[in-house]
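Values in this text are rule-based calculations from the coordinates and carry no lab data. Because the structure is predicted, anything quoted here is derived from the model rather than measured. Backbone-built Cβ (ideal geometry, glycine too); neighbour counts: all protein chains shown.
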Amino acid sequence: LEMLINSGFSTVLTSGGKFNVEEGKEMLQKLVEISAGRIDILCGGGLRSSNLVEIKNFTHAKSFHSSAILEGEVADFHEITRLKSCF
């Protein structure tokens, strides 16, 4: 994380080093704490409306990424709407 900050990056997209944000939420929380606002921790990987609030509250992150794909290969309009309502 320090290397990314020192290299001038403003954002890092991560699942916390795990398969998805639910498995990596402890590391995401640590990254947010360590970053102390010096770099944006963009939480992503398996993020859906069903777990966004939990991940947001647990990690205290400010930024989130979701493909909003529930089935198939295209983002689901209703999932996008649900995601937006979490803010």
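Quick notes
- Qualifying residue in the range 24-40 (condition: free of Cβ contacts under 8 Å to residues at least 12 places away in the same chain and among the hydroxyl-bearing types (Ser, Thr, Tyr)): no
- Output for the range 35-54, where each listed residue is of a type in the set (A, V, I, L, M, F, W, C) and surrounded by 14 or more Cβ atoms within 10 Å (Cβ to Cβ): 39, 41, 42, 43, 47, 52
- Subset of the range 31-67 (residues that are small (Gly, Ala, Ser) and more than 13 Å from the chain's Cα centre (by Cα)): 35, 36, 37, 50
- Of the helices (runs of 4 or more DSSP H) contained entirely in the range 1-71, those carrying at least 3 residues that are of a type in the set (A, V, I, L, M) and under 18 Å from residue 83 (Cβ atoms) fall at 52-59.
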